[in-house]
Amino acid sequence: MADIGNDIIRAADYLNNAELVGIPTETVYGLAANAYNHTAVAKIFDVKRRPSFDPLIVHISNLDTWQKCVIEISTTAKKLADAFWPGPLTLVMAKSDLIPDLVSSGLATVGIRMPNHKLTLALLDSLNFPLAAPSANIFGYISPVTAQHVEEGLGKLIPYILNGGKTSIGVESTIVDITTETPQLLRAGGISFEALQKIMPNIQIAKPNSIASSPGSLDNHYAPIKPLLLGDLGELIKEHLDKKISIISYSNSYTLTDLVHNYILSPTNSLNVAASNLFQYMRQADADASTIILAELVPNFGLGVAINDRLWKASLKL
Ligand code: TXA
Ligand code: MG
């Protein structure tokens, strides 16, 4: 069992000794290690059972560290950081030699972000290195949005989890590659495409097969153990009446005999609320008495795009 608490000094102690610590962010919990230290970073891949071709995001709390991690900070990068940091935006940039190849899976680029969480920003301020941190789940499973979720998945494998409460946004950061002539959206996330377009009108959505080493682009990700079927809920319910069903719906409620549970992402049609409930409800549905989870897509704009991406990746492809 990992200890769970809000002791930044203790968290820093472990990190200074090349150990791993679970950290809160505004998106999902991260599994953090000293990003400059190859041995520490190798433990992340080990503990998560993450393939080494899947690069990590590096977390910073100040400009100084940012400069050390990359070759150059362009005006575009500066503009995006001013607009969205601290916040759920990861910028893919040409990396410096301080970042071990293991962090970037051998790519010449590194993903950088400044997370918007008081505890983790204070922790970063107390360290003299940035933190490499993927989501703190076993590779492929649903991302954790509470310290308890991290404990359930990785508690036996790490010494400490910094408890910052339930994450506020609930889906991972938006990833934008700014090394290309036209900036490319690699993963939909907590900053909407519309918000990015306001700052960067020429941004494009990357074609799936052009995304380097992105499990965000692997089909089975964020997935519960049970089958999750995605489609029209009315139809799906009719087809699976012989099974023990749980439903994840956007705002409508469903009543049918023998329904195990109906998780409603947002009764008030708020995509932000839906995003903050998504992974929690997927985990609850995975743990309840149902044998199958039926779910529907949400409106496809704003945070809805990130939600639909996660739902689709969590679903069983027939
Ligand atoms: O919100 C988040 O981004 C969370 C919190 C903990 O910060 N982290 C997160 O990390 O979602 P992870 O490891 O689950 O997803 C990181 C993804 C990689 O799978 C890859 O798709 C992309 O970020 N990535 C990282 N570095 C990259 C690079 N140099 N080029 C392209 N994609 C990169
Ligand atoms: Mg992840």
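The values are calculated or read from the model by the stated rules, or taken from the named source; none is laboratory data. Given the structure is predicted, the values throughout are model-derived calculations rather than measurements. So basically every Cβ, Gly included, is an ideal-geometry build from the backbone, and we count neighbours across all protein chains shown. Just the protein is used for accessible areas: all its heavy atoms, side chains included, with ligands, DNA and RNA removed. Shrake-Rupley method; radii C 1.70, N 1.55, O 1.52, S 1.80 Å.
Key figures
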quantity: Residue match in region 227-235 (condition: in contact with a strand residue (DSSP E or B) (Cβ under 6 Å, 6 or more places away or on another chain) and assigned to a loop (DSSP other than H, G, I, E, B)); calculated: yes
quantity: Contacts under 9 angstrom Cβ, first residue in region 125-138 being among the charged types (D, E, K, R), partner more than 10 Å from ligand 2 (Cβ to nearest atom) and in a loop (DSSP other than H, G, I, E, B), 6 or more apart; calculated: Asp125/Ser61; Asp125/Asn62
quantity: Residues of region 113-133 satisfying the condition of being within 11 Å of ligand 1 (Cβ to nearest atom) and surrounded by fewer than 23 Cβ atoms within 10 Å (Cβ to Cβ); calculated: Asn116
quantity: Residue count, region 39-63 (criterion: more than 25 Å from Asp125 (Cα to Cα), hydrophobic (A, V, I, L, M, F, W, C) and either at pLDDT below 95 or buried (at least 23 other Cβ atoms within 10 Å of the Cβ) (or both)); calculated: 1
quantity: Residues (exposed (fewer than 13 other Cβ atoms within 10 Å of the Cβ) and within 16 Å of Ala122 (Cα to Cα)) located in region 64-80; calculated: Asp64
quantity: From the options Ser251, Ser246, residue that is of a type in the set (Ser, Thr, Tyr) and not in a loop (DSSP other than H, G, I, E, B); calculated: Ser246
quantity: The one condition in (1) within 10 Å of ligand 1 (Cβ to nearest atom); (2) assigned to a strand (DSSP E or B); (3) closer than 22 Å to Ile9 by Cα that Val110 fails to fulfil; calculated: (3)
quantity: Residue list for region 118-138, restricted to those being under 14 Å from Asp13 (Cα atoms) and within 16 Å of ligand 2 (Cβ to nearest atom); calculated: Leu131
quantity: Selection within region 161-184 - polar (S, T, N, Q), surrounded by fewer than 19 Cβ atoms within 10 Å (Cβ to Cβ) and more than 25 Å from Pro100 (Cβ to Cβ); calculated: Ser168, Thr182
quantity: Residues being over 19 Å from Ala2 (Cβ atoms) and either free of Cβ contacts under 8 Å to residues at least 12 places away in the same chain or of a type in the set (S, T, N, Q) (or both) - total across region 107-124; calculated: 2
quantity: Of residues in region 87-105 being open to solvent by 50 Å² or more (accessible area, probe 1.4 Å) and either without any contact (Cβ under 8 Å) to a residue 40 or more places away in the chain or outside the structural domain of Ile57 (by TED's automatic domain parsing) (or both), the one nearest to ligand 2 (Cβ to nearest atom); calculated: Asp101
quantity: Selection within region 138-160 - within 11 Å of ligand 1 (Cβ to nearest atom) and open to solvent by less than 10 Å² (accessible area, probe 1.4 Å); calculated: Ser143, Pro144, Val145, Val150
quantity: Which listed residue is touching a Cys at 6+ places or on another chain (Cβ under 7 Å) and basic (Lys, Arg), from Lys68, Lys78, Lys95; calculated: Lys95
quantity: Of the criteria (1) assigned to a helix (DSSP H, G or I); (2) under 21 Å from the mean Cα position of the chain (by Cα); (3) among the polar types (S, T, N, Q), which one Thr65 fails; calculated: (2)
quantity: Region 223-255, residues that are open to solvent by 50 Å² or more (accessible area, probe 1.4 Å), more than 27 Å from Gly302 (Cβ to Cβ) and free of Cβ contacts under 8 Å to residues at least 60 places away in the same chain; calculated: Lys238, Glu239, Leu241, Asp242, Lys243, Lys244, Thr255
